[in-house]
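Read-outs throughout are calculated quantities, based only on the coordinates presented, and are distinct from any laboratory measurement. Just so you know, these numbers come straight off a predicted model, no measurement behind them. For neighbour counting, all protein chains shown are included, and Cβ atoms are generated from backbone atoms with ideal geometry for every residue, glycine included.
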Amino acid sequence: MKKKYYIITGVIVLLLIAGILVGTNDNIRDKIYLNYNTSIKVDETKGEQIHVVDNKKDVSIWNLDLQNTIDKKIAKEGKKATFDNPFIIYNPYGTNTCSVNVYYTTKEATSMEYTISVDVEEIPDFTRTAYNGQDTGTSKTHEYQIIGLIPNEINTITMKSKNSEGEIVGEYTFTIKMGGLVTESAPILEVIDGDSKQELSEGLFALLGHDKAFNANIYIYDNDGIIRSELPLKGYRSDRILFIDDTIVYSYDVNKLVFVDRLGKMVRKINLGKYELHHDFVYDEVNNTILLLVNELGTDTIEDVIIRVDLEDGKVSKLVDMKDLMPEAKDKAIIPEEGNTYGGDELDWIHLNTLDIVNGKDLILSSREYSTIIRLNNVYEQPEIGYFISDETVWTGTVYEDYMLDKVGDFVSQAGQHTVTYLEDPSLTDNQYYLYMFNNNYKGARTRPDFDWSAYVGAGTYSKGDYSYLYQYLVNEDKGTYELIKKVALPYSSIVSSTQYYGDNLVTSSGMSNCFDEYDSEGILIREYKYTSEKYAYRAFKYSFDSFWFQ
């Protein structure tokens, strides 16, 4: 007999389904609330209800009124729940595909540890202590987002309630049948172990801009290369995740930012108006401001403007226009016959791809087109060029040659670099610090076709190269010098790449090689993660998510 299925859905409002999903405790009938992306399939031949997650529905979640409506319904139900009869809802705010939210109260202050298990040999259990918003780690009011559910598998979640002494005082298990991801991304990556005996750092990898800039969700993987979270985006990719005031902040469209709390609720959105994102944004904690690299619509150039978003009032304003600081460089650039990197006719003359804030007033910028690191000083008051770091052949004979720092030592300067990051060290003297980066080792400049690349020995082309590198410079502003003090060979990537010091280890992404990696402090590979794509991923960073999802 052919099985028949009826679909019961809830659109915008929450739908209460009483009864167990896929067998759990014999004496308890779990309450599972479904959001607008879920349904129940009823198998008439067995009379069973199986929870099914459908992440392909085109339902807009980017509405704060909807988010608040969901929040009110959850608050009403959650306060009636106990640990033995919790209120459980799948991905209620639509912001985390691989999650369920759990709500309950306890008579004594406790913590909650959970383990997610699936019956797949190559997928290990995922155990974390959930963060309840309290520094003590225990609470009587419990609101959690459990992340780490495996798509297209039956997930068994075991929650353990622990008292302040760490003793288990309760255990509860429920089971959920997960659907697929919103987009077709691999749930398990190919993992290649390196020669290092060092342990991998604790945390989760965020793969950003997979395959293409638009509709590229944020995919979060554990140390085994197993996907543990998918953060859906509306349009343009996000270039990093910021942690600001108990929220994570990322871009969800080409000119929009969203602030999401630890339960997955969108609590704030910011529209950038006529400015469209590209490559990078950072948080300036000193001034409570987000700084962003943008394109200004209606102009004939791209990737040369920096804006600020004041988080006190949400005001968006232009901070720096590089055309004003470097007009001669802009005027000498030409538009390639085939158009810019993206096929348009705007002039991509400097191609900024990184910014980092220094002391709440200065910026470190990376210009791929000029293979140059730029320091800007006093950006909030009167922006001015501090210095350039590049091979001397880039700026010699121009009006900018006096800005160049002198190279100390015999090495090839960076070419086509990304993620240039400022790093202080208490052992250094005043006006000394480190800059580290992904040196793509790529000789390409579309708006300067006659540039002589002979000084860049060993540099590769767009499609072929031997190695890219981690470069770390010691900068001495008093002496006006830079010196290469660390170099690690990395898989070659002419563009799309990142480096990140994380704990004692180094996390890198080589987008054109379709991999991201973790190395030990000596630059020896611990593990490489390979993914498939039609093109590449833009970046990969590692985050602990402590005091957010995890205790």
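Apply the Debye scattering formula to region 139-291, with a single equal point scatterer on each alpha-carbon and no solvent, then give log10 I(q)/I(0) at q = 0.16, 0.18, 0.19, 0.21 Å⁻¹. For region 139-291, the Cα-only Debye profile gives -1.09, -1.23, -1.29, -1.38. Pairs exceeding 19 Å between alpha-carbon atoms, taken from LYS76/LYS265; LYS332/LYS464; LYS318/LYS542; LYS107/LYS160; LYS234/LYS256; LYS274/LYS535: LYS332/LYS464; LYS318/LYS542; LYS274/LYS535.
Of all beta bridges that DSSP places with both ends in region 295-428, some 90 percent have antiparallel geometry.
Here the Karplus curve 6.51 cos²θ - 1.76 cosθ + 1.60, taken at θ = phi - 60°, turns the phi angles of region 441-453 into couplings of 6, 10, 9, x, 7, 5, 8, 10, x, 9, 5, 8, 8 Hz, with x standing for Gly and Pro.
In this structure the amide hydrogen of TYR131, modeled in the peptide plane, comes within under 5 Å of the amide hydrogens of PHE550, GLN551, none closer than 5 places in sequence on its chain. FRET efficiency for the GLU346 to SER521 pair, using the beta carbon distance and R₀ = 45 Å, is estimated at 0.60. For the listed peptides 329-340, 284-295, a ranking on the average number of other beta carbons within 10 Å per residue, highest first, reads 284-295, 329-340.
Using just its DSSP H runs of length 4 or more, each adding -39500 (n - 2.57), the chain gives a mean residue ellipticity at 222 nm of -1500 deg cm²/dmol after division by all residues. 3J(HN,Hα) couplings calculated from phi for region 152-163 with the Karplus curve 6.51 cos²θ - 1.76 cosθ + 1.60 (θ = phi - 60°) are, in sequence order, 6, 9, 7, 9, 9, 10, 10, 9, 10, 8, 10, 7 Hz; Gly and Pro show x.
Here's how it looks for ALA415: its modeled amide H is under 5 Å from those of ASN440, ASN441, TYR442, which are all 5 or more places away or on a different chain. Of the residues TRP549, VAL496, MET178, the one whose Cα sits farthest toward the positive end of the charge dipole of the chain, with +1 on the Cβ of Lys and Arg and -1 on the Cβ of Asp and Glu, is MET178.
For region 430-501, the C-alpha radius of gyration sits at 1.25 times the compact-globule guess of 2.2 N^0.38 Å, with N the residue count. When each of the peptides 359-369, 92-102 is scored by the mean number of other C-beta atoms lying within 10 Å of its residues, the order from highest to lowest reads 92-102, 359-369.
Between ASP284 and THR289, ILE290, LEU291, the built amide H atoms are under 5 Å apart, and every one of these is 5 or more places off in sequence or on another chain. Taking the average, over residues, of other Cβ atoms within 10 Å as the packing measure, peptides 163-170, 317-324 rank 317-324, 163-170 from highest down. Using a Förster radius of 51 Å, what is the FRET efficiency between ASN377 and THR115 based on their Cβ-Cβ separation? Nearest 0.05, please. Calculated value: 0.50.
With a Förster radius of 30 Å applied to the beta-carbon distance between GLN198 and ASP125, the computed FRET efficiency rounds to 0.80. The charge dipole of the chain, taken about the Cα centre with unit charges on the Cβ atoms of Lys, Arg (+1) and Asp, Glu (-1), comes to about 2580 debye, rounded to the nearest 20. Apply the a/c threshold of 1.5 to the C-alpha gyration tensor of region 109-170 and tell me whether it is rounded, prolate or oblate. Taking the square roots of the gyration eigenvalues as a ≥ b ≥ c, region 109-170 is prolate. Evaluated on region 54-120, the Kirkwood hydrodynamic radius is 14.0 Å, with distances taken between all distinct Cα atoms. For region 427-551, just say rounded, prolate or oblate: build the C-alpha gyration tensor, square-root its eigenvalues into a ≥ b ≥ c, call rounded for a/c under 1.5, and beyond that prolate if a/b exceeds b/c, oblate if not. In terms of gyration-tensor shape, oblate. Annotation: the antiparallel percentage among DSSP beta bridges lying fully within the chain is about 95. The HN-Hα couplings worked out from phi for region 234-246 by the Karplus form 6.51 cos²θ - 1.76 cosθ + 1.60 (θ = phi - 60°) are 7, x, 4, 5, 10, 8, 5, 10, 9, 10, 9, 6, 6 Hz, whole numbers, x standing for Gly and Pro.
The angle between the Cα long axis of helix 64-78 and the main principal axis of the chain comes to about 40°, on a 0 to 90 degree scale. Among the trypsin sites (Lys or Arg not before Pro) found in region 209-258, those both in a DSSP coil and sparsely packed, with 16 or fewer other Cβ atoms within 10 Å of their Cβ, are LYS212, LYS234. A straight chain from LYS479 to ASN68 at 0.36 nm per residue would run longer than the Cα-Cα distance by 142.3 nm.
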